[in-house]
């Protein structure tokens, strides 16, 4: 009897130990799945590497809020930064188009940071009227080789960062834990990380330059036109720009000599396909019984998706993607040339000269970010028989 009693006691003790260990593991797992989230009306960050990006979420304070974005950045007097730094505002469909289909930001956005007449040098603005309580994504980008510090603010909403990319700049930001055990489900995605690396370590640059063909710039040339004529693809213009170490891809001078390497060299410099990691987090507003609104941050739909795409900065522009017609304008973004705009609007980059003349542009090789270009109908730009 004593032996049986001892055996039962031992079994109960063993079960108790197992339960304690299981509970400990469960608690540890719960803690491990929590992520700190920053919510603030103003954040500051830095993009030190070329083609660096910060992906941030934006949640409106109330339905159909008028979201006003303001960004200041430094250095503000560097031409390379002015032409290659800024931000895009995307809705869910834009995010899917860019991430899953390698779409261009220029064709997939609801707003872009621009310098208006009211903005001083080093400041960009954008405005979006929210669709209900729909959330948005901001992509801050730096295509220049110059490190850039920035502060981004929004009126009538909150900027959300769940990846530690930025810091609170308002002094009134909210830090909270995002737990994956919540059951509330919403639909808005916040993309946290996109990496685009330029891989030059496998390229012998000295040998590539020695083997490259020399081309002398003539009147009317752009890097896009040269790239299309040499490689049959206008998107190689950035590779030519990088290979020749040009400070501004939009500016060429007549008589300037460019080195045109083998296309394999440009492909190697671009690094082939890049891996884009997307983390989806949900942000929802829940009305309490006292008619106040409490912001609840959950991660019920947290997933990690790896998508193999061509680098966004190098994505080819499909023909005829821009609307044309009487009074239609296009706002120049980073990396644009008149040739790439002509290709996107009319399917023919060789129409850049006519587009230049129609807009009375003094130098067809020089356009500025934020500049508005008139895009008339094709029969107006190039009348039949003219």
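Laboratory data are not the source of any read-out in this text; all were calculated from the coordinates shown. It should be emphasised that the depicted structure is a prediction, and the values quoted were computed from it without experimental measurement. FYI the Cβ positions are ideal-geometry reconstructions off the backbone, even for glycines, and counts take in every protein chain you see.
For the reader, a short list of remarks on this structure follows.
- Residues listed by number, segment 206-240, amide nitrogen under 14 Å from residue 257 label point at 7 Å toward C-beta: 209-217
- Residue separation of residue 372 and residue 36 scaled by 0.36 nm, minus their Cα-Cα distance, works out to 116.8 nm of gained length.
- Relative contact order [Cα under 8 Å, 6+ residues apart], segment 205-270, whole percent: 44 percent
- Taking each residue as 0.36 nm, the span from residue 48 to residue 207 lengthens on full extension beyond its C-alpha to C-alpha distance by 54.4 nm.
- Fewest-first sequence of 372, 46 by Cβ atoms within 10 Å of each Cβ: 372, 46
- Between residue 78 and residue 379, the simple spin-label model (points 7 angstrom out along Cα→Cβ) gives 4.9 nm.
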